[in-house]
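Coordinate-derived values only; no laboratory data. All figures in this text were calculated on a predicted structure; none of them were measured in a lab. Here the Cβ positions follow ideal geometry from the backbone for every residue, glycine too, while neighbour counts run over all protein chains shown.
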Number of protein chains: 2
Amino acid sequence: MTRANEAWESLMKAYSVLMKQFNAEDIWGDLTMREYDVLYQLSKCDGPLRMSELNRHVLLSQPALSRMVDRLADRGYVDRCPDPGDRRGVRLTLTPAGRATQRQIGSPHARSVTRALSVLTPEELEQLAAITGKLSQSEE
Amino acid sequence: MTRANEAWESLMKAYSVLMKQFNAEDIWGDLTMREYDVLYQLSKCDGPLRMSELNRHVLLSQPALSRMVDRLADRGYVDRCPDPGDRRGVRLTLTPAGRATQRQIGSPHARSVTRALSVLTPEELEQLAAITGKLSQSEE
DNA sequence: TAGTGACTTATGCGTTTGCATCTACTCTAA
DNA sequence: TTAGAGTAGATGCAAACGCATAAGTCACTA
C-alpha cells in the first residue's frame with residue numbers, strides 16, 4: 001500500500017464520516033444534501049449557470065441532475081430559461097426563494113463545518129485547502 | 001467564508017473530481033464503485049465483519065447496505081452467516097470469488113489512485129493523510 | 001446549403017436508495 | 001423470570017439514480 005493510496009483512503013474516510021455527521025443534523029428542511037449542494041453551487045456564481053457547467057461541480061450523472069433541477073424548478077427554487085446564445089442550452093438561476101432557502105440552510109451548515117474542522121490548526125486548514133485544491137486542479 | 005469552510009469545500013471538490021475520474025475508468029467489471037467499496041472494506045479485515053460495523057465504513061444507509069450485501073451474496077462474492085454469539089447479527093466474509101474479484105479490480109484502481117495523487121509531493125501526501133485522519137478520528 | 005459529427009439536455013426503463021417500520025434478539029433491573 | 005428499553009438487520013414503498021438513447025441544435029466542410 002503506497003503513501004498515495006493511504007492518503008486517498010484517509011480522504012475518503014474523512015469525507016464519509018463528516019458527510020454522515022452533517023446529514024444527521026436536523027437543518028436540511030425539505031431538501032436533501034444533494035439538493036442543497038445544487039442550490040449552493042448556484043448561489044456561488046452570480047451569473048446564470050449552464051446545466052453542463054453545474055454538472056461539473058456536482059457528483060451526479062447528467063440525467064440525474066437534469067431531473068433534480070426539474071424538481072427544484074417545480075418547487076420554485078430554481079429558474080431555468082433557454083440560453084439565447086445557444087438554443088440547446090439552459091441558463092439556471094436561483095429564484096429569490098431558492099436563494100433564501102440556501103442561505104437559511106447554509107448558515108447553520110457552515111457553523112457545523114467550522115465546528116467539525118475545529119480540530120485542525122489554522123496551518124493544517126491552510127495545508128488541507130492547498131493540497132486538495134492541487135488535486136482537483138490537476139485534471140480539469 | 002472561514003478557512004474551515006474553504007478547506008471543506010476544497011476537500012469535497014477534490015473528492016468529487018477524483019471520484020468521477022475513477023468512475024470513468026473501465027476497470028470495474030460487473031461492479032459499481034459502491035459495491036467495490038464494500039468488497040474492499042471486507043478485504044481489509046481478515047476476520048468476519050458485522051453488518052453494523054461495515055456500515056460505519058461505507059456511505060450508505062443501513063437498509064441500502066443490507067440489500068447490497070444481499071445482492072453480493074446472491075452473486076457469490078460475500079458469505080453471510082449468522083453470528084453464533086449474537087443471533088440478531090450477521091458475520092460477513094468475502095468468498096474466494098469475492099476476494100479474487102476485489103484484487104482484480106483493486107490492482108488497477110490502486111494504480112489510478114497513485115497516478116491521480118502523483119501531483120503531490122511525498123510530504124504533501126503525508127500531510128494529507130495526517131490531516132484527514134485527524135478529521136475522521138475526531139468523532140467516532 | 002446540405003450533410004456529418006459533436007454537443008446539450010431530456011426521457012424510457014430497470015435498479016438502487018432512503019425513510020419508516022417490522023421482527024427478532026439482547027440486556028438490565030425489578 | 002419477566003417487563004421494558006435498546007440494538008441488529010430485513011422489508012414495504014415511493015422517490016431518485018444511472019445507463020442507454022432520443023431529440024434538438026451547433027459547427028464545420030464539401
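Assorted remarks:
- Neighbour-count ranking [beta-carbon atoms within 10 angstrom, fewest first] of B:VAL90, A:VAL119: A:VAL119, B:VAL90
- Distant-in-sequence amide H partners of B:VAL78 (H built 1.01 Å from N, under 5 Å): B:ALA73, B:THR95
- Kirkwood-Stokes translational diffusion coefficient of the protein assembly as shown, alpha-carbon pairs, 25 °C, 0.890 mPa s, µm²/s: 120 µm²/s
- Cα-based helix-to-principal-axis angle, B:62-74 vs chain B, degrees rounded to 10: 60 degrees
- Pairs from B:LYS20/B:LYS134; A:LYS13/B:LYS134; A:LYS134/B:LYS13; A:LYS134/B:LYS44 whose Cα-Cα separation, in the structure shown, is over 19 Å: B:LYS20/B:LYS134; A:LYS134/B:LYS44
- Debye intensity ratio in log₁₀ form over the Cα atoms of the range B:19-111, taken at each q of 0.16, 0.24, 0.25 Å⁻¹: -0.62, -1.33, -1.42
- Over chain B, dividing the summed -39,500 (n - 2.57) contributions of all DSSP H runs of at least 4 residues by the number of residues returns a 222 nm mean residue ellipticity of -21500 deg cm²/dmol.
- Average other protein chain Cβ within 10 Å of Cβ, residues B:16-22: 6
- Taking amide H as placed 1.01 Å from N in the peptide plane, B:ARG91 has its amide H under 5 Å from the amide H of B:CYS81, B:ASP83, each at least 5 places away in sequence or on another chain.
- Mean partner shielding of peptide A:107-118, defined as the number of other chain Cβ atoms within 10 Å of each residue Cβ, is 4.
- Charges were assigned to the Cβ only: +1 to each Lys and Arg, -1 to each Asp and Glu. The resulting dipole of chain B about its Cα centre is roughly 340 debye.
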